[in-house]
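Okay, structure first, notes after.
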Amino acid sequence: MERTEPDRYLTRRNGVYFYKRRVPKVVEALDERQPIVRTSLRTRDLAKARALRDGYERADDELWGALLCADSAEAARRRYDAAVRRVAALGFTYRTTMEILQGESGAQIVERLRALLEHRPNSPETNAVLGVVDRPAATLSEAFRLYTDKIAAPELRTKSQEQRDAWLKVKRRALNNFIELVGDKPIGEVTREDALRFYDLWADRIAPADLRRTTHSASSGNRDIGNMRVLYREYHEHLQIRGVENPFDGLSFDEKFKKQRIRPPFPVEWIRERILAPGALATLNGDARGIVLAMVETGARPSELANLEPENIHLGGPVPYIAIETRKDRKNPREVKTESSLREIPLVGAALAVFRKHPEGFPRYRDRGTALSAVLNKHFKTAKLFPTPKHKIYSLRHSFEDRMKVGGVDAELRTILMGHTSDRPEYGQGGSPEWQRDQLLRIALPFDPAVV
C-alpha cells in the first residue's frame, strides 16, 4: 500500500479502528508478530485513527530497520526510537523502567499496567510501556546536535542567520573545549570530576601562576561552564530523565574583578573637528558613512542602524524618526538585543540628513555586522580617526550618552533613547515626539551637508 494512501493500514471492526499491517518477508523470521500486525486504536474517529496509525507505522519502520541493521549502535538507536514512537501512540511518554519507578506516581504506573492488558507479554507495545528498551547513550556531540536542532529551535526561530551563527559559535566553543579535555563521551557519563577539571582548566587561564600570561576573563570561563550546564540540563529535561544531578551546578568564577572592556567616548571636539570634517569619511562607501553619521546623533548600535528596514524609517511626519524593532519576517527574522532596546529615536542634525539620503536604510550591511565592523575599523585606523587605541566605533554611542548628560537632556529620556533597562515603572511614553526632538536639538552638532 502506498504511503500516500490516507487510510493505509486501517481497518474497522464494530466501528473501532485497528492498525493492521503485514510484516515484511525479509524480517518475518525476526518479528514474532508475523505474518500480520494487528493493534486496536481504541477510537471510532477517523482523524484520530490516522494520527495513531502514523505513530505505529513509524514505530514499526524503526523496529524493522533495527532488526536488519548490522551496526549494533544504530540498531540500539532504532529500537529505542521505535519504542518512543510506539509508547507515544499509546498515550504515554517513554521512560526506562527505573525512571518509571523513580519518577512516576502510583496512579501513572497503574495507567501503564492497564494498557498492558490489551497486548501480549513481550510484545513491542508491552516493552515500550514498561520501558525495557535501553536508551542509547548519546555522546556529547550527539546531545549537542539534538539541543541545537530541536530543543533550542524555538529560541533560534526569531534570530537572523547572523545572530544564529553568533549564538552557535559561543555554544560550540564550550562544547569543543570540554570535549578536548574529557573526550566525546556519553553525556550521561559526564561526572562531577569532569566538570571540576573543566573548572580548573579555566581557573588556570583566568588566574595563572604567572599573571603576565592572563589572557582570559572570568566571564569567558563562566560562559563556557554555563553553556555546558545548560546543555546537560536541557538534554535531560527534554528526555524527561529525572533525578540526575547536573555536574556543572555551582561552578562559576567571581566576576567582581573581571577584566573590563573600556570604551572611552569620543571628545565632542574630536567628533566635530575630525569625524565630521569634510573628507574625513569620503572614501567610505555610502552605507558605511551613513551609519557612522547616524550613530553620532542617535546613539544607536551599529547593528541596529544596519538592519533598519524601509518601514522602520519615518520621514513624512512632523517629527522624523527611526524605529528600532524586532524583524518578524518569518523568512528573515531578527531579534533586538533586549526588550528595552525597542524604541523610537527622533532624527536631528546629520542623522536626519543621512536618512533623507538613505530612506531605504543601509541594505549593504543588513545581517553583515562582521563586514561592517571590519570596514569601519579599517577606515578609522587608516584615517587616524581614533583618538587612542582604546577607542572603538562603539565609542560614538558612549559619546552620545555623555553629550545628552552634559546637555541636560532628561534622565528618563536618556535611558529610553539609549535602549537601556530602567528600574522605574513605565508611565506614559517618555514625552511627546516634539519634546524628545527638541531635547536632542540642544546637543545636535553642526555639520557640512557635503559630508553626508
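What nm value, rounded to one decimal, do you get for the distance between THR139 and TRP167 when each label is placed 7 Å out toward the C-beta? Inter-label distance under the simple model: 2.6 nm. Within the straight-line cut-off of under 16 Å between alpha carbons, the aspartates and glutamates reachable from LYS20 are GLU2, GLU5, ASP7, GLU28, ASP31, GLU32, ASP54, GLU57, ASP60, ASP61, GLU118, GLU125, sequence neighbours fewer than 8 places apart in one chain being disregarded. Equivalent-ellipsoid semi-axes for the chain (Cα gyration tensor, √(5λ), whole Å, largest first): 59, 29, 20. Per the Kirkwood formula applied to alpha carbons, region 140-238 shows a radius of gyration over Rh ratio, Rg over Rh, of 1.01.
Any idea what the dipole of region 10-130 comes to, in debye rounded to 20, about its Cα centre with Lys/Arg Cβ at +1 and Asp/Glu Cβ at -1?
640
Dipole check for region 140-238: with +1 at the C-beta of Lys and Arg, -1 at the C-beta of Asp and Glu, and the Cα centre as origin, the magnitude is about 340 Debye.
Could you calculate the contour length gain from THR370 to THR283, that is, 0.36 nm times the residue separation minus the distance between their Cα atoms, to one decimal place in nm? Could you put the intermediate results ahead of the total?
Values: separation 87, 0.36 × 87 = 31.32 nm, distance 1.92 nm.
Stretched fully, the THR370-THR283 segment lengthens by 29.4 nm.
Length gained on full extension, LEU181 to GLU255: 24.3 nm, using 0.36 nm per residue less the C-alpha separation.
Please compare each pair in LYS337/LYS390; LYS337/LYS381; LYS150/LYS392; LYS337/LYS392 to a cut-off of 29 Å on the Cα-Cα distance and tell me which ones are over it. Before the final figure, lay out the partial values.
On the way: LYS337/LYS390 24 Å; LYS337/LYS381 27 Å; LYS150/LYS392 38 Å; LYS337/LYS392 19 Å.
Long pairs (Cα-Cα over 29 Å): LYS150/LYS392.
Remark: the chain carries a charge dipole of roughly 620 debye about the Cα centre, counting +1 on each Lys and Arg Cβ and -1 on each Asp and Glu Cβ.
Just so you know, all these numbers are worked out from the coordinates, no wet-lab data involved. Only a predicted model underlies this, so the values are computations on that prediction, with no experimental measurement involved. With ideal geometry, Cβ positions are generated from the backbone for all residues, glycine too; neighbour counts draw on all protein chains shown.
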